[in-house]
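Accompanying notes for the structure given below.
The values are calculated or read from the model by the stated rules, or taken from the named source; none is laboratory data. Fair warning: this is a prediction, and the values are worked out from it, not measured in the lab. The protein model used for the area step is the full one, side chains on, heavy atoms only, and it has no ligands, DNA or RNA in it. Shrake-Rupley method; radii C 1.70, N 1.55, O 1.52, S 1.80 Å.
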Amino acid sequence: MKYHKKLSSIGAALLLAATTLPAMASTPLAGRDQMFHAVAATDANAVYLYDADDNITWLRTTTGANVMTFDQANNWATLNWGGLTGWHLPTAGETYDPSYYPSTAKGVGSETAHLFYDLLGDQPAVDRFGNPQIPVRNNGPFASPDGIPALVWLSGTHATHADYAYAFSFFAGFNTELPKTALIGAMAVRDGDVLAVPEPETYAMLLGGLALLGLISRRRRS
């Protein structure tokens, strides 16, 4: 009982913080192509989308209209995408607490909520106090080819039911919980940036080119 009271107190504090603190500026998603070079997030060659705020890379490909169970989504998300390991479902953030709406106080700590509210500029039809508002639903750079599913599975140890898992609603804008057998969509993220780091040979070539240009310039002046 004390544990649940503590959780409720934490949830209340998060709600207060979400309503009193000023909104933080967000860095737009940055695109990376299949060779891990920087491109515009909206570029057709942008296979990966880097979120500098959370220091994670989103796989631009989602399950789209294809739905799967929690275990199937886990298997899909952890595939070797682009020859890289370490992919996983987005994290759920704060513990789900059904006594608050939305359950994550605008998704404090949730990677999907940060994407929804701060990067895509979306908002649900009802605010955290239950008041109606004009909904905004952008897919941003995820609009092609698969778009963002209405519901996606999240990673995180569930606090109340072993056969349930967390999910995030891209319409309602908050975390929820569903039986692991439910059929919804999935997205994949990876810690850090996949941006290619130039090889030492590349730096050597650049320095050699600059030195050659300097030598030519000095000869012309003399």
Leaving ligands and nucleic acids out of the surface, order HIS161, HIS114 by accessible area at 1.4 Å, largest first. HIS161, HIS114
Output ³J(HN,Hα) for the range 117-127: one whole-Hz value per residue in order, computed from phi by the Karplus curve 6.51 cos²θ - 1.76 cosθ + 1.60 with θ = phi - 60°, and x for Gly and Pro. 7, 8, 9, 8, x, 7, 8, x, 6, 10, 7
Per-residue SASA entry for PHE36, accessible area with 1.4 Å probe, Å² rounded to 10: 50 Å²
Accessible-area order (highest first, 1.4 angstrom probe) of the listed residues TRP87, TRP81: TRP81, TRP87
